[in-house]
Structure formats: C-alpha cells, structure tokens
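Student: This is the structure I want to talk about, given as structure tokens.
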Amino acid sequence: MRGNKISVLKIYTILFFLYIFTPLILIFIFAWNKGEGYVFPLQGFTWNWFIELFGDDLAKKSIGNSIVIALSSATISTILASLLAIGLLKGGFRRPQLFLTFLILPVLMPSLTIGISALVFFRTVNIPLGIPVVIIAHVSISMSYVFLVIMGRIESLPLSLQEASIDLGASWVSSIKDIVFPILLPAVIGGWLFAFMISWNEFIITYFLIGTGTTLPIYIFSQLRFGISPKVNVISVLVTIFTLAIIFMLVLIRNIYKKIVLEQNSV
C-alpha cells in the first residue's frame, strides 16, 4: 500500500514538472526553427531570428530601458526598505502593525489599480511620463516585497549584539559594518534580486507610465498584437538564460557567504 502511494506521488511530481517546463522546452526548440509557425515537423536549424533580434534597434532600446529601470528601482527600493524595516521593527514604535498594514497594501492591490492611480497622480501634478516616473512607481511596489524579505531577518536580530560591540570599543559605524550588515546581507541580496525581477517583468504599470518610451514587456506585447513573431521566442530564451544565471549567482553568493561565516565562527 505504501509503495503504491509513493508511485502515485512520483507520477504526480513528474507530470507537474512536465506541465511547468514543456512550454519552455518548446520555446527553445522553435527559437532555432527556420519556420515561423509552431508546428511539427521542424523546418531546419537557423540563427536568423537571433540575428534579426539583435539588428532591431527598437528591441535593443527596449532591453536597455528595462535594465536601467530594473537596476535603479531594485537598488533604491532595497536601500529604502532596509532603512524602513530597521526603523519600524527596531525603532521603538508602539504600534508598528498599523504601518506594516499600509506597507503591505501594494502587494495585495491589483497592478491595474496602482497603474491608473499613479497615472492620475502624475498627470495631476504635471510630471511628464517616462522612465523616471516608471522607476518611482516600481520603487513604490518593490519596497513592499523587499521589506517582507528583510523583515524576517531583522526580527531575529537582537540589538544587544550591536550594543555589546560598542561597549567593547567598536564605533557605531564599525558595529553596523561588522555586526549588523553581515547578518542582513543574505536578506538584502535576496530582496534586491526579488525587486529586480519584479521590475523587469512589470507590464501594466509600465504601460500606463512609460509615455512614448518602451520596455521589453511592452515590446513583446507589440510583437504579439499582429501574430507571434519568432523574435519573441528568442527573447524568451535569452530571458530564461538570464534568469538561470541570476539563480546560479544567488546560490554561489549564498555558498560563499556560508563559507565565510563558518570560517569566522571557527576562528
């Protein structure tokens, strides 16, 4: 009986991963297919769609804008969310739950509502639409996610560690650098990567606020309006490889950090 249950769970697990990864596998296959359709048999191997994508100035501009927006919003939101988390959780507020409730609202609100309200606000104060406005809007969303990631780490951080280091002769700056920051570093990196991917993939809010500009999600949407272009497959392949590279980098940083901590503890 137990063996039957294990077999059913194995089959379910295999079917689940096939359901998740089969579309990605098909995208990789059709990205190098000579034909423009999505039918078998394949018409041959080609690099033409990659060459066509890299020769598209609008596509390159869209990718560049997405990188600038994602890097800027992730960095700003990580800095602001880190300071805000320390202030709310360790600043001695009597009822921090009220502030936490309002801070988590952007996570629960639909992107459509946030996009429309941001558009109305910037139009009302006569701020021109464009990349700076998009960055501000992305920061307002990403901060909540980064805060949630860092919050759990800060809650487990006793202030007595920093106070003890100061009592032993360390300056306030060195106590932050040598005690607080190393403990928060994994959560800060994880929050930054989370914010980067949220900004990188955001479409609805960006669509409302980008004005005459464009980003990668908007470029893909424009390509899909008149049929699925093979260049979309190429973009999906490149984004997937980029995402896997980020995951690999995150795992590598985590392993290096654990090794450093173990070495310090052994000393």
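Values in this text are rule-based calculations from the coordinates and carry no lab data. This structure is a prediction, so every number in the text was calculated from the model and none was measured.
Student: Which length gain, in nm to one decimal place, applies between F21 and F99 when the Cα-Cα distance is subtracted from 0.36 nm times their residue separation?
Tutor: Extending this stretch completely gives an extra 24.1 nm.
Student: Could you give the length gained on full extension between F242 and I51, defined as 0.36 nm per residue of separation minus the Cα-Cα distance, in nm?
Tutor: 66.9 nm
Student: Then there's this: I'd like the Karplus ³J(HN,Hα) series for the stretch 105-116: coefficients 6.51, -1.76, 1.60, θ = phi - 60°, whole numbers in Hz, and an x wherever there's a Gly or Pro.
Tutor: Listing the rounded values in order: 3, x, 5, 8, 6, x, 4, 4, 5, 5, x, 5 Hz.
Student: So what's the gap between the Cα centers of the stretch 207-243 and the stretch 5-24, to the nearest angstrom?
Tutor: Comparing the Cα centres of the stretch 207-243 and the stretch 5-24, I get a distance of 29 Å.
Student: Using 0.36 nm per residue, how much length does the chain from I79 to R123 gain when fully extended, once their Cα-Cα distance is taken away?
Tutor: Stretched out fully, the I79 to R123 stretch lengthens by 13.1 nm.
Student: Please turn the phi angles of the stretch 68-83 into ³J(HN,Hα) values with the Karplus equation 6.51 cos²θ - 1.76 cosθ + 1.60 (θ = phi - 60°), one per residue in order, whole Hz, x for glycine and proline.
Tutor: 4, 5, 5, 5, 5, 5, 5, 5, 5, 5, 5, 4, 5, 5, 5, 5
Student: Explain nothing, just compute: Karplus ³J(HN,Hα) = 6.51 cos²θ - 1.76 cosθ + 1.60, θ = phi - 60°, for every residue of the stretch 185-190 in order, whole Hz, x for Gly and Pro.
Tutor: Calculated HN-Hα couplings, in order: 4, x, 5, 5, 5, x Hz.
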